[in-house]
1. Could you order peptides A:49-60, B:125-136, A:89-100 by the average number of other Cβ atoms within 10 Å of their residues, highest first?
2. Just from its helices, what would the mean residue ellipticity at 222 nm be for chain B, if runs of 4 or more DSSP H residues each count -39500 (n - 2.57) and the sum is divided by every residue, rounded to the nearest 500 deg cm²/dmol?
3. Mind checking the angle between helix A:155-177 and chain A's longest principal axis? C-alpha axes, 0 to 90 degrees, to the nearest 10.
4. Starting from the Cα gyration tensor of the protein assembly as shown, take the square roots of the eigenvalues, sort them a ≥ b ≥ c, and report rounded, prolate or oblate (rounded when a/c is under 1.5, otherwise prolate if a/b is larger than b/c, else oblate).
5. Give me the inter-chain shielding for B:158-170: mean count of other chain Cβ atoms within 10 Å, whole number please.
6. Once you average over the residues of B:92-102, how many Cβ atoms of partner chains fall within 10 Å of each Cβ?
7. Net charge near residue A:18, counting Lys/Arg +1 and Asp/Glu -1 over other residues with Cβ under 15 Å of its Cβ?
8. I'd like to know how region B:3-89 sits against the 2.2 N^0.38 Å rule of thumb: what's its Cα Rg over that expected value?
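Bear in mind that the values in this text are calculations on the coordinates, not laboratory data. On a predicted model such as this, the values are computed, not experimentally measured, just so you know. Heads up, the Cβs are rebuilt from the backbone with ideal geometry, glycines too, and the neighbour counts pull from every protein chain shown.
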Amino acid sequence: MVCCLGAVCLVCAALLGGVYVLTEDAIVQTNAALLRESVGSVLPAGGTLSEALPLEVGGTPSEYYVSTADGAPAGYAVKSTVSGFGGPLVLMVGLTPEGKVYGTSVLSHAETPGLGAKCTSDAAFIDQFKGFDPAVSRLAVRKDGGDVDAITASTITSRAYALAIANAVAAFQNIKGE
Amino acid sequence: MSKLSIFTKGFLKENPTFVLLLGLCPTLATTTTALNGVGMGLATLFVLVLSNIVISAIAPVVPDKVHIPVYIVVIATFVTILQFLMQAYTPGMYKSLGLFIPLIVVNCIVLGRAEAFASKNGILDSALDGLGIGLGFTVSLMVLGLVRELLGSGSVFGWKLFSGDGILVFVMAPGAFLVLGYLMVLFNKLAKKE
């Protein structure tokens, strides 16, 4: 009885180990490609991307990437996590060296389908952050006295989105300040 | 039972979703779009066929007292292999279904078929049974996803049919129950006529 269960476990464990080794490289490559894609979508095209660099964003450890073109930094991509309506909302925020927002992209979210989840597809909402200058405008929804137009019926998600960008900008100021 | 009826019973007579009412948790959770439904159905089909084959092969030598743990280990192994493969080769699908893939281990359809069919029948019959039930599950999930996507987002397989938002409730949990209920009525009416 024990031998039978033991033997089954042994065979299964060996099988899993084998598949893990076979797929390990492909998984690492796929994840790296996905990350490059998301970083690339929020930064000016044509730069050389750095490795992940550690950075504290909004009080939690996160990371950022620097894109270099012609020997000078062309943009910064900061990964920023806040809590949204349904769970963690993870954004990649692209910033120009002057501190303006270049673009944003959602890495993962758990917002309500059809409502908050529109933060990944609502072009009017996403595009308003392109070229957003935190020095001139305030990164908060209009309801809170800021300059961000919220998604209809999804104030909490919009608020979280704006906060994620604000955290990224604040963290970016720390890098620049050093 | 003929080979053909072993295969086809999963679609109508023993349809896992509308007749046996098994595995409803992933059914309700993943059918927000038709494509997600098909993805979840095919993932379950993969695990179901392989675990049925292995379990029917080892069932005669497994002592009765440990048969459930043995079956669960076999099923969990295939689910984890599936997870590795999806992570590596279908990252888009993994992103939308990822959370529910490990839950296939505790999907009652898989253990149910192992207990009720694979442990008492030959390898070929068990493979056919897994294939039939798995395809029945896939088609049911696709239909459920199709209806919810059409009503909730106004699209079919991601193709926008009409502009606007659709009826949001159908994308959310209450809509899943509603659609499942009405489809069940329809399905049982059709099945009775046969």
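1. Details: A:49-60: 13.4, B:125-136: 23.7, A:89-100: 20.8.
Per-residue mean Cβ counts within 10 Å order the peptides as B:125-136, A:89-100, A:49-60.
2. On the way: 8 runs with 126 residues, N = 194.
After summing the helix terms and dividing by residue count, I get -21500 deg cm²/dmol.
3. 80
4. Numbers: a/c = 3.08, a/b = 1.70, b/c = 1.81.
The shape class here is oblate.
5. Working: counts 0, 0, 0, 0, 0, 0, 0, 5, 1, 1, 5, 1, 2.
For peptide B:158-170, the averaged partner shielding equals 1.
6. Details: counts 1, 0, 2, 3, 0, 0, 1, 1, 0, 0, 0.
Mean number of neighbouring Cβ atoms from other chains: 1.
7. Working: positive: none; negative: A:24, A:25.
Net of charged neighbours comes to -2.
8. Numbers: Rg = 14.9 Å, N = 87, 2.2 N^0.38 = 12.0 Å.
Cα-based Rg divided by the globular estimate yields 1.24.
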